[in-house]
Amino acid sequence: MQIGTYEASLRDRARELKRKFYPGNHVTKRVALPAPVVKPEWMTTHCRFDAHVLSFERMLVFRKKVFSFSTSIEVQVNPIVTVEPKLSMQQIARAVLSNYPGITFDDILSHRRTRDFVKVRHEIVRAIVKERPDLSFPAIGRFMKRDHTSILSAAGRLEKKPNTWRNAISC
């Protein structure tokens, strides 16, 4: 009876597994070879990976030399410094709303999209953006209960309109 290639491969696999899991009479000798010594590239080639550290150290030495001597310098300080307090978003919104009687702040925060509310809402956003450039669009959006893209759109729409809310703040 002749064995086919499939049966032969099964027989070879069985012998392999038998040798692997039941290493009875045959012994394989394993010899550990020493690992080749490979130096990193930065040790074998000229590399300036720490050039920034060296330049920083040179800068520190230079500063130490330059600023090590003491001199007397007269500095004239103006004791009267006027700093305008930043208006809160609530104050700016109230100032804008004073120009529009009959519309409350709750109306502005509502989801109504009538023309009157949208106009005032955009005016408030524009006033906040102009008065407080330190605030981000997401921060203004959280205050107005809107997405930052709505705030961006409102700020861009009223770019060419005059500041009517500034007169209400100064009163």
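Laboratory data are not the source of any read-out in this text; all were calculated from the coordinates shown. These figures come from a predicted structure and were not determined experimentally. As a convention, Cβ positions derive from the backbone with ideal geometry for all residues, glycine included, and neighbour counts pool all protein chains shown.
Sorted from fewest to most neighbouring beta carbons within 10 Å, what does the list F62, F105 look like?
Going from least to most buried by this count: F62, F105.
Arrange K20, K119 by Cβ neighbour counts within 10 Å, fewest through most, would you?
K20, K119
Within 10 Å of each residue's Cβ, count the other Cβ atoms and sort L109, L97, L54 from fewest upward.
L54, L109, L97
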